[in-house]
Amino acid sequence: MISICLCDDDITFLDSCTEIIRTIETELGKTFNIKCFTNGESLLFALDDDVNKYDILIMDMIMKQKSGMETTKELRSKGFIGDIIFLSSSKEYAIESFEVEPLYYVLKNSTYKDKLKEILTRAIIEQERKSSQKIIFTMNKKNIIVELKDIIYIESMNKKIILHKTTGDNEECNLPLNKIVEKIEPYGFLQCHKSYIINQEYVEVFTKLECRLRNGITIPIGRKYATTFAESLAQYEFDHIVL
């Protein structure tokens, strides 16, 4: 089930956004987990034990206490990987918002309900698509199924293949790294080093030598992979811009 979090210090907007989500539920024939917060502090406290409890965050940019920008920066620094949709009555913070890689920046004007409904519907469909993608492998004579969206990166170490997951409970896999690349490359994964495959969704910043993921881990980029990595990541980011 898709989990959606709303954070706005204006109860009227919380009610309005909740109504939009309920409409989408009816149109898609789905049920979503919806949670509302009236300030960034309470949201951060609620996510202290599991920063990725919600798939989509709809965040007011301007709030009386901690701002939406401050709140989302803190969430990203803790490893939040979900979609962020900002709501704001001002264009002033639109450029600054790029720092936390939001899905969209929606202005609170006369047409915001239609725009939010459009963007949110697309985000929900994309989240469901990601959750349906899985890899199956055998380990110790057991078939193990892992959702691709839960894999941050894959590491080859001491003849072991380790799948590092958002949940923290990593998996060991007996497939060679080159075979894993063949299976998952079409789903947003990219080999950046002879010992590493990364999920492009979780790349925060990169140079010619390394890339930093949203969970703070830094992964080396091998010389032979550098050009292809940069080109592929640029194309991936372009393909995922919401226009």
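The values are calculated or read from the model by the stated rules, or taken from the named source; none is laboratory data. Quick caveat, the model's predicted, so the values are computed rather than measured. Ideal geometry is used to build each Cβ from the backbone, glycine not excepted, and the neighbour counts take in all protein chains shown.
Of the residues making up segment 46-90, those that are within 21 Å of Ile119 (Cα to Cα), of a type in the set (Val, Ile, Thr) and part of a loop (DSSP other than H, G, I, E, B) are Ile62, Ile81.
With respect to the stated conditions, Glu99 fails to be more than 30 Å from Asp9 (Cβ to Cβ) and free of Cβ contacts under 8 Å to residues at least 40 places away in the same chain. As a summary of the residue check, Ser42 satisfies the conditions (1) within 20 Å of Val205 (Cβ to Cβ); (2) assigned to a helix (DSSP H, G or I); (3) of a type in the set (Gly, Ala, Ser) except for the one numbered (1).
Pick from Val51, Val106: which is touching a Phe, Trp or Tyr at 6+ places or on another chain (Cβ under 9 Å), without any contact (Cβ under 8 Å) to a residue 24 or more places away in the chain and assigned by TED's automatic domain parsing to the domain that holds Cys7?
One residue alone meets the criteria, Val106.
In the condition set (1) assigned to a strand (DSSP E or B); (2) touching a residue at least 40 places away in the same chain (Cβ under 8 Å); (3) more than 20 Å from Arg129 (Cβ to Cβ); (4) not β-branched (Val, Ile, Thr), Asn215 is compliant with all but (1).
Among the residues making up segment 91-114, those that are among the charged types (D, E, K, R) and not in a helix (DSSP H, G or I) are Lys91, Glu92, Glu101, Lys108. Looking only at residues of segment 174-199 that are part of a strand (DSSP E or B) and touching a Gly at 6+ places or on another chain (Cβ under 8 Å), we find that the one that is nearest to Cys211 (Cα to Cα) is Cys192.
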